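Participant: The structure is given below, and queries will be raised subsequently.
The values are calculated or read from the model by the stated rules, or taken from the named source; none is laboratory data. Just so it is clear, the model here is predicted, and its values are computed rather than measured. Reconstructed Cβ throughout: ideal geometry from the backbone, glycine too, with neighbour counts over all protein chains shown.
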Amino acid sequence: MAAIDNSWATKGGLGWIATTFWVLLAVGPLAGFFTQDPSFEYYMFMGQSMLINTIAILGLNLLIGFNGQISLGHSAFFAIGAYTTAILMNFAGWPYYATIPVAAIICFGAGFLFGFPALKLEGHYLALATFTLAIAVPQLLKYKAIAGWTGGVGGLILDKPDAPEFTRLGTDQYLYYLCLILAMLSFWIVRNMLRGRSGRAMMAIRDHAMAAGTMGIDTAKYKTLTFGVSAGITGVGGALSAITVAYVAPDSFTLQLAVSFLVGLVVGGIASLPGCLVGGAFIVLIQNSSQSISDWMKVTFSLRYDVPAWAIYGILLILLMYFMPRGIMGGIETLWLKLTHRKETQA
Amino acid sequence: MKLARRSALLGAGLTILSREGRAEKKYGPGVTDTEIKVGQTQPYSGNASAYGVAGRNQAAYFRMINETQGGVNGRKINLISLDDGYSPPKTVELVRQLVERDQVFCLFYTLGTQTNTAIHKYVNQKKIPHLIVASGASKWGNPKQFPWTMGWQPDYHTEGLIYAKHLLATNKSPKIGILRQNDDMGNDYVEGFHEGLTETLKKFIVSDVTYEATDPTVDSQILQMRNAGADVIFNVTTPKFAAQAIKKIAEIGWKPTHYLVSVAASVGAVMRPAGVENGQGILTAQYLKDVTDPRWDDFPDVKEWRAFMAKWNPTANVLEGSNASSYAAAYAFVRILKSCGDELTRENLMRQAANIKNMEVPLMLPGIKVNTSPDNFYPLQSMQLARFEGDHWVLFGDMLSRHKG
């Protein structure tokens, strides 16, 4: 993993590009006050999904990108977050906003605890162990003894919250801002963590665990803590997904979800914070457009058979990895370096 | 005088024109003079991708309608069928895309219980017709709370109840073993079965075992049920596991009374692979003709279906039951659209869907007709019991149902 550079974690200041980006994300939805486009609310919903995926990927990135622990099981923490929110809203009558911190804490706890057995495992062994989490959780949610709380296979239906009167926002516009604020908060927390001592410790463990231990870093503590924080952030994503979709069910949290987080992470760029945003958008946009491409191919070339959309998705992924092995953000960075420091790179 | 007559004529002409204009041009969103946009979500990928054949078959059916009949009353059906991978959040996203961005007229045959549950509230708030839902759950027939959603097939709950009633009528003290898939289908069937047994007679159940759709076999579950002393099996499985179970039961020389749910009662996909001699006497309930059963081959609707499959969907496997059920559903949908005439509003579509009188649909068992009314949103509610004899199902008894129309 030596190829990873830590520029995004260690660079000082927010950077004007990042600032503009966040401002754009915040200002964009205000268009809703002027537009009459009936699909506006749908785009807001897409925005929510992207931000939710972004948060989940951010959690995963902290673990994989900055701490070198591979997890294929983050769909499990996403599910725990979602179910925490759903159960609190449904049975305890809590308001949606109060459930989010609880979801974060519970997921932190779950992740922290899982971090202990994970200490004994490394690389692909850890990947396999977390893989079992992703497989077990949807089945555990159906388990009879807790089906009264989880709703079993039928899941739980929630009430979608309305925007508070004073904001004068539409429901989806409001939920978008809720997601955006929590995404910014998560990014802020992660960024501060990475810049400090703990961040350096985490990255040192990733680069060479034994060397890090020799230098006096408590590797066990940092590894379990990172696992906990990572799970907690992903859990916030899960909580938001329960609120925005207004329904949770075991089928929502299959292995496929865990894989799509991983794909989003790799596509966006491992160990890149803006890469999480790119990855979140990628998951939502590309899965939808690969089907459009498939339909378009069928019509344009008047094929007799369907072109499988997932094959196109796969080909897109392969092409991307071939041309941008470090993900989209990594690719952009390389390009930027080539353009600005042409002489140095050639030398 | 002349002028007055002319203006009177003109006036009369205008009123006729405008009246005709009113009758002709009453369109809801997604409808034009040439097109009706229909939305659908299907699991083309993911765990349940086997069900995705339904969406492909219906796309083929509408292509046939568009090309041979010029569509419905001159308007071509534009089916936008999207892949939700059987994941409820994805379904919500795609249905919102269909409704808000693509502006579809209605939803048709969206597949899956959890996926449809996720959009149930939304489509009813938005007043989008959500017709012929492809799920056997019983919650789709609730016009009071959800006036825009209507189911289709006889629900699993009712079917489970039918078996329990039949069992109690024929066996005074059965020892029941239940084998079920651990998902919503399994639960629905067993709930209906429980309701039929009533609370006090539930003690007859001596063993209730589950398996996961991803398990390799159900052999150990079969042994478990036999060891619990069961003499009746309620077999709630999908085709692959049903065939395994029937084979295993014969192998160990066990002879329980065997109820097999309709979703797994295909001659071609289950009974023949399991060995017809092992399947003798098994009981099931049906509403569709089993097209893999050669006995129905000479019926005109089956012939027509075969011709359709050969010409319009030649790559599909005709042994897959979805190809028959989705065809019947698409036929009924086209009939409902036709009955709307030129008033293609969402309200009128629901009105037509809720006023079906004795519609005959191809591939249904003889005697089964589709009926709905404003307070009955269960289009199909009758099933008939059948016993496996020789190499096919032999129907017996009356048409059975739970919901009274």
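Participant: Looking only at the range A:18-76, count every residue that is more than 16 Å from residue A:174 (Cα to Cα), at pLDDT 90 or above and within 14 Å of chain B (Cβ to nearest Cβ) and tell me the total.
Facilitator: The qualifying residues number 3.
Participant: Also, I was wondering about something else. Considering each residue of the range A:145-160, count those that are in a strand (DSSP E or B) and either more than 20 Å from residue A:178 (Cβ to Cβ) or within 8 Å of chain B (Cβ to nearest Cβ) (or both), and give that number.
Facilitator: Selection size over the range A:145-160: 1.
Participant: Looking only at the range A:231-246, which residues are within 12 Å of another protein chain (Cβ to nearest Cβ) and either surrounded by fewer than 24 Cβ atoms within 10 Å (Cβ to Cβ) or in contact with a Gly (Cβ under 6 Å, 6 or more places away or on another chain) (or both)?
Facilitator: A:238, A:246
Participant: Now for a separate question. Only one of B:143, B:147 is in contact with a Phe, Trp or Tyr (Cβ under 8 Å, 6 or more places away or on another chain) and in the same structural domain as residue B:58 (by TED's automatic domain parsing); which?
Facilitator: Working: B:147 fails: in contact with a Phe, Trp or Tyr (Cβ under 8 Å, 6 or more places away or on another chain).
Sole residue among the options that is in contact with a Phe, Trp or Tyr (Cβ under 8 Å, 6 or more places away or on another chain) and in the same structural domain as residue B:58 (by TED's automatic domain parsing): B:143.
Participant: Select the helices (runs of 4 or more DSSP H) contained entirely in the range B:127-227, then report the ones holding at least 1 residues which are under 30 Å from residue B:376 (Cβ atoms) and among the basic types (Lys, Arg).
Facilitator: Passing ranges, in order: B:156-170.
Participant: State whether the residues of the range A:126-135 include one that is touching a Phe, Trp or Tyr at 6+ places or on another chain (Cβ under 7 Å), in contact (Cβ under 8 Å) with a residue 60 or more places away in the chain and more than 23 Å from residue A:270 (Cβ to Cβ).
Facilitator: No: the range A:126-135 contains no residue that is touching a Phe, Trp or Tyr at 6+ places or on another chain (Cβ under 7 Å), in contact (Cβ under 8 Å) with a residue 60 or more places away in the chain and more than 23 Å from residue A:270 (Cβ to Cβ).
Participant: Does residue B:132 meet the test of being more than 14 Å from every other protein chain (Cβ to nearest Cβ) and at positive phi? Steps first, please.
Facilitator: Numbers: more than 14 Å from every other protein chain (Cβ to nearest Cβ): yes; at positive phi: yes.
Spelling it out, residue B:132 is indeed more than 14 Å from every other protein chain (Cβ to nearest Cβ) and at positive phi.
Participant: Still on this structure: Only one of (1) of a type outside the set (A, V, I, L, M); (2) within 23 Å of the chain's Cα centre (by Cα); (3) surrounded by fewer than 16 Cβ atoms within 10 Å (Cβ to Cβ); (4) more than 10 Å from chain B (Cβ to nearest Cβ) fails for residue A:139. Which number is that?
Facilitator: (4)
Participant: Here is a follow-up. Quick one: would you say residue A:97 is among the hydroxyl-bearing types (Ser, Thr, Tyr) and farther than 26 Å from residue A:251 by Cβ?
Facilitator: yes
Participant: For residues that are farther than 12 Å from residue A:41 by Cβ and more than 7 Å from chain A (Cβ to nearest Cβ), scanning just the range B:88-102, find the one that is surrounded by the most Cβ atoms within 10 Å (Cβ to Cβ).
Facilitator: In this case the residue turns out to be B:91.
Participant: Shifting gears a bit: Which one of the conditions (1) within 9 Å of chain A (Cβ to nearest Cβ); (2) closer than 28 Å to residue B:312 by Cα; (3) crowded, with 21+ Cβ neighbours inside 10 Å does residue B:113 fail to meet, given that it meets all the rest?
Facilitator: (2)
Participant: Here's a follow-up. Go through (1) within 14 Å of chain A (Cβ to nearest Cβ); (2) over 27 Å from residue B:277 (Cα atoms) and name the single condition residue B:154 misses.
Facilitator: The one condition residue B:154 does not meet is (1).
Participant: For residue A:83, state whether it is of a type in the set (Ser, Thr, Tyr), under 27 Å from residue A:148 (Cα atoms), within 14 Å of chain B (Cβ to nearest Cβ) and crowded, with 21+ Cβ neighbours inside 10 Å.
Facilitator: Against the criterion (of a type in the set (Ser, Thr, Tyr), under 27 Å from residue A:148 (Cα atoms), within 14 Å of chain B (Cβ to nearest Cβ) and crowded, with 21+ Cβ neighbours inside 10 Å), residue A:83 qualifies.
Participant: Further question: Select from the range B:18-56 the residues that are at pLDDT below 85 and not in a helix (DSSP H, G or I) and write down the one among them that is farthest from the other protein chains (Cβ to nearest Cβ).
Facilitator: Only one residue tops the list, namely B:25.
Participant: Please enumerate the residues belonging to the range B:100-140 that are of a type in the set (Gly, Ala, Ser) and either over 16 Å from residue B:153 (Cβ atoms) or outside the structural domain of residue B:89 (by TED's automatic domain parsing) (or both).
Facilitator: B:118
Participant: Among the residues of the range B:131-148, write down those that are modelled with pLDDT of 95 or more and within 15 Å of residue A:247 (Cβ to Cβ).
Facilitator: B:146
Participant: Taking only the range B:228-269 into account, find how many residues are of a type in the set (A, V, I, L, M), assigned to a helix (DSSP H, G or I) and farther than 19 Å from residue B:154 by Cβ.
Facilitator: Count: 7.
Participant: Still on this model: (1) more than 14 Å from chain B (Cβ to nearest Cβ); (2) out of contact with any His (no Cβ under 8 Å at 6 or more places or on another chain); (3) in contact (Cβ under 8 Å) with a residue 60 or more places away in the chain; (4) buried (at least 24 other Cβ atoms within 10 Å of the Cβ): which one isn't true of residue A:280, the others all being true?
Facilitator: (1)
Participant: Still on this structure: Select from the range B:172-186 the residues that are polar (S, T, N, Q) and within 14 Å of chain A (Cβ to nearest Cβ) and write down the one among them that is surrounded by the fewest Cβ atoms within 10 Å (Cβ to Cβ).
Facilitator: B:182
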